[in-house]
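Working notes, beginning with the structure itself.
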Amino acid sequence: MSNTPDDQLRTFALGSCVAVVLLHRPTKTVGMVHIALPDSSIEKNSRSISKPGYFADTGIPALLQPMKDIGCISTKNTGGFAVKMAGGANIMRSSDTFKIGKRNILTVKKILWSYGLAPLAEDVGGTISRTVTVDVNTGAVTLSSPARGEWTI
């Protein structure tokens, strides 16, 4: 997370993983989380989740909390946000029985909706890996892939 104008946030090589970008326009604050799996239940036997950003069900709340702490969110209001997401590809093979990418996309959207948020723009699914870069000053979200070049969402 950053509200420093010269910063860029970047996550590399999203395959089935999903990047969730929260842009809070009023404070020019940007947060991003790189979600690898939809559900932290594989770690629920331990007392705490060691990597909350790794899972959709813990990563999105973990991203929202510091944004709330600096005043981007009031108790009952998540207004002022633009949400963008990318990734969730099926890059292994078309018959992938686990369908992690699709499960990540659906779980992320469900959790966002529970906060009253929805993606303004997205580039999800397909079969390509993506790198996501967010310019804090402009809020521009740029994606790149060896298979496709560079584009903005």
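Derivation of every value follows stated rules applied to the coordinates shown; laboratory data play no part. What you see is a predicted model, and the numbers here were worked out from it, not measured in a lab. For neighbour counting, all protein chains shown are included, and Cβ atoms are generated from backbone atoms with ideal geometry for every residue, glycine included.
By counting other Cβ atoms within 10 Å of each Cβ, how are K51, K84 ranked from fewest to most?
Working: K51 13, K84 22.
Result, fewest neighbours first: K51, K84.
Here the chain was treated as a single set of alpha-carbon atoms; its pair distances binned every 10 Å from 0 give 12, 41, 36, 11, 1 percent.
When +1 charges are put on Lys and Arg Cβ atoms and -1 charges on Asp and Glu Cβ atoms, the dipole computed for the chain relative to its Cα centre reaches about 380 debye. Of the residues M67, M92, M85, M32, the one with the fewest other Cβ atoms within 10 Å heads the list, and the complete ranking is M92, M67, M32, M85.
Label positions at E150 and Y115, each projected 7 Å from the Cα along the C-beta direction, are separated by 2.8 nm.
Please tell me the relative contact order of the chain in percent, rounded to the nearest whole number, where contacts are Cα pairs under 8 Å and at least six residues apart.
Relative CO of the chain lands at 31 percent.
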